[in-house]
Amino acid sequence: MKTIEIKPYRLKNPIQNYSWGTKNNQAFIPRLLGFIPEKDKPYAELWMGAHPKAPSSIELESGSMNLQEFINANPEKILGKEVAKRFSNKLPFLFKVLSAAEALSIQAHPNKKQAELLHKKDPVNYPDDNHKPEIAIALDNLYALIGFRPFPEIQSVFENFPELKSFIGTKFFEQLVNEFQETKNERSALKKLYEKLSHIVSFKKNDFDTAIKLMRIKINAHKDVPDLREKLFLDLNDKYGSDIGLISLYLLNLVELKKGQGIFLNAGIPHAYLEGNIIECMANSDNVVRAGLTPKFQDSETLLKIMEYKSGIPEIFESAIDTDEYIYGVPVPEFQIKFLSGKPNESKKHIIKSVQILILIEGALNLITEKSSIKISTGSSLLIPASLKKYEIHFEKFSEIFIAYVAI
Ligand SMILES: [Zn+2]
């Protein structure tokens, strides 16, 4: 194989046009990248990585080359010796910009072992044998549903919507409440409740339609402005009809993240992003187990098996925006995320031990190495090979950068 030049390379990244992406003058990804969005086309995700479904590419004098082929040509120099060995010559993470105008499907991701089994059984719907822990960092206000609410909160939802209680079975529900009060075993209560709900939604379709209709009438009868959950209930009911996701809206925590705050989602945590622009990073995988609010493949049986029935919101990383350097320390070996900001004429030196992918969210800078210098502006992203060992950033304007890398 021809030896490659070791220097930072500009990445050309594929865009996923999923239907929930932002459009027209709301379209965030086109604005970031500096192009005019096509009329009414949704721009949902920008993928920076080497996932076989949509790998990034780099420009060489001989033409463009997909990132995995480029890595294959010299894995140790690009990924770094340790990463190449540990992850079998593959880039272990997938870095994304995600822009949601409306709710994404309610989902959870399998752990490594579950992913291997799912992939073996159903490679069409589970394309990877890898787990998909992920971090989401808000670029503006992000609304999301994450993790189960504490059981007493869920209990009041059913008290406020008696139609929901009678749908799931008044006797069943009261037994569950008694059991919870006696044992305080929240995991068991959440599991029994969600399993029962999931089963009867499919085999008592007419009763479910009626319960949703009654909930809708009640929400509409409010005199005051609907709150965010109610507004979502109405919108999503218009879009998907009677859908178990409408109930999940009330079973999961509604979380608002401010710019720079991040949240790490390990395997099994139910979640759905509702609205906002984020930086996302995950282990290199596209395995999603969906149940609700989606026209895509749903697999509630699998979801029931892989879901963590634990209440509460995972720890939120504080906003990095007021600092000039911040590491979102995630508890997985595949990736870490660093935020950097700098003022005009400021310089920063960096030592690197693994491959990095960097994206400039705002600003302009010069990235200088021993033998090269590359100028980038807002929306540009770079692949920085591990064997460069060090580089210096010279900021030309106020700049904000996110860097994905592997901790060695
Ligand atoms: Zn997810």
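The numbers here are math on the coordinates, done by the rules we state, and not lab data. Computed from a predicted structure; not experimentally measured. Using ideal geometry, Cβ is built from the backbone for each residue, glycine included, and neighbour counts are taken over all protein chains shown.
Under a cut-off of 16 Å between alpha-carbon atoms, report the aspartates and glutamates in cross-link reach of residue 120, not counting same-chain residues fewer than 8 places apart.
128, 129, 286, 299
Any idea what diffusion coefficient the range 325-405 gets from Stokes-Einstein, in µm²/s, Kirkwood Rh on alpha carbon pairs, 10 °C, 1.306 mPa s? Could you put the intermediate results ahead of the total?
Values: Rh = 12.8 Å.
The calculation lands on 124 µm²/s.
Rounded if a/c is under 1.5, else prolate if a/b is larger than b/c, else oblate: which is the range 1-124, with a ≥ b ≥ c the root eigenvalues of its Cα gyration tensor?
Working: a/c = 2.67, a/b = 1.23, b/c = 2.16.
It is oblate, given that a/c is not under 1.5 and a/b is not larger than b/c.
Based on the alpha carbon coordinates of the range 151-249, what radius of gyration and maximum Cα-Cα distance (Dmax) apply, in Å?
When restricted to the Cα atoms of the range 151-249, Rg and Dmax are 13.8, 40 Å.
Please build a GNM for the chain, connecting alpha carbons under 10 Å apart, and tell me which residue among 394, 350, 131 fluctuates the most.
Comparing 394, 350, 131 in a Gaussian network model of the chain, the most mobile one is 350.
With r as the distance between the Cβ atoms of residue 203 and residue 296 and R0 = 25 Å, compute the FRET efficiency 1/(1 + (r/R0)^6) and round to 0.05. Please list the in-between numbers first.
On the way: r = 22 Å, r/R0 = 0.88.
Plugging the Cβ-Cβ distance into 1/(1 + (r/R0)^6) gives 0.70.
For residue 261, which sequence-distant residues (separation of 5 or more, or a different chain) have an amide H within less than 5 Å of its own amide H, given hydrogens modelled in the peptide plane?
138, 320
So how far, in whole Å, is the C-alpha centre of the range 1-53 from the one of the range 343-373?
Answer, in whole Å: 21.
Nothing charged except the Cβ atoms of Lys and Arg (+1) and of Asp and Glu (-1): what's the magnitude of the dipole of the range 170-310 about its Cα centre? Round to the nearest 20 debye.
Numbers: 21 positive and 20 negative charges, 36 e Å.
Approximately 180 debye in magnitude.
Which of the pairs 23/305; 12/310; 12/389; 191/223; 132/223 have their Cα atoms more than 31 Å apart in this structure? Could the numbers behind the result be given before it?
Working: 23/305 36 Å; 12/310 40 Å; 12/389 23 Å; 191/223 35 Å; 132/223 43 Å.
The pairs that break the limit, which is 31 Å between Cα atoms, are 23/305; 12/310; 191/223; 132/223.
Quick one: what does P(r) look like for the chain with 10 Å bins over all Cα pairs, in whole %?
5, 21, 30, 23, 13, 7, 2, 0
Which value, in debye to the nearest 20, gives the size of the charge dipole of the chain about its Cα centre, when Lys and Arg are +1 and Asp and Glu are -1 at the Cβ?
Working: 53 positive and 51 negative charges, 161 e Å.
Taking the Cα centre of the chain as origin, the dipole is about 780 debye.
Order these by the 10 Å Cβ neighbour count, fewest first: 247, 403, 279.
Details: 247 27, 403 19, 279 23.
The most exposed by this proxy come first: 403, 279, 247.
How high is the relative contact order of the range 151-249, given as a whole-number percent (alpha carbon pairs under 8 Å, six or more residues apart)? Before the final figure, lay out the partial values.
Details: 42 pairs, mean separation 25.4, N = 99.
Relative CO of the range 151-249 lands at 26 percent.
Just want the answer: with Cβ charges of +1 for Lys and Arg and -1 for Asp and Glu, which residue in 387, 101, 244 is farthest toward the dipole's positive end in the chain?
Result: 387.
Taking θ = phi - 60°, what integer Hz values does the Karplus form 6.51 cos²θ - 1.76 cosθ + 1.60 yield along the range 204-216, in sequence order, with x for Gly and Pro?
10, 4, 5, 5, 5, 4, 5, 4, 5, 4, 5, 4, 4
Can you tell which of 96, 213, 39 shows the greatest fluctuation in a Gaussian network model of the chain with Cα springs below 10 Å?
39
Just to confirm the filter: which trypsin sites (Lys or Arg not before Pro) across the range 313-404 are DSSP coil and have at most 16 other Cβ within 10 angstrom of their Cβ? Kindly include the intermediate steps, with their values, before the conclusion.
Numbers: sites: 338, 348, 349, 353, 371, 375, 389, 390, 397; in loops: 353, 371, 389, 397.
Here the sparse-neighbourhood loop sites are 353, 371, 389, 397.
Could you give the size of the charge dipole of the range 285-408 about its Cα centre, using +1 on the Cβ of each K and R and -1 on the Cβ of each D and E, expressed in debye and rounded to the nearest 20?
On the way: 14 positive and 16 negative charges, 88 e Å.
So the dipole magnitude of the range 285-408 works out to roughly 420 debye.
Using helices alone, I'd like the mean residue ellipticity at 222 nm for the chain: each DSSP H run of four-plus residues gives -39500 (n - 2.57), total over residue count, nearest 500.
Values: 13 runs with 128 residues, N = 408.
Result for the chain, helices only: -9000 deg cm²/dmol.
Among 137, 359, 154, determine the one that fluctuates most according to a GNM of the chain built with springs between C-alpha atoms less than 10 Å apart.
Taking springs between Cα atoms under 10 Å, the residue moving most is 154.
Quick one: length gained pulling residue 129 to residue 221 fully straight, 0.36 nm per residue minus the C-alpha distance? Please list the in-between numbers first.
Details: separation 92, 0.36 × 92 = 33.12 nm, distance 4.80 nm.
28.3 nm is the gain from fully extending residue 129 to residue 221.
Regarding the range 187-229, what's the average projected area of the Cα-atom convex hull, expressed in nm²?
Values: hull surface 16.4 nm².
That works out to 4.1 nm².
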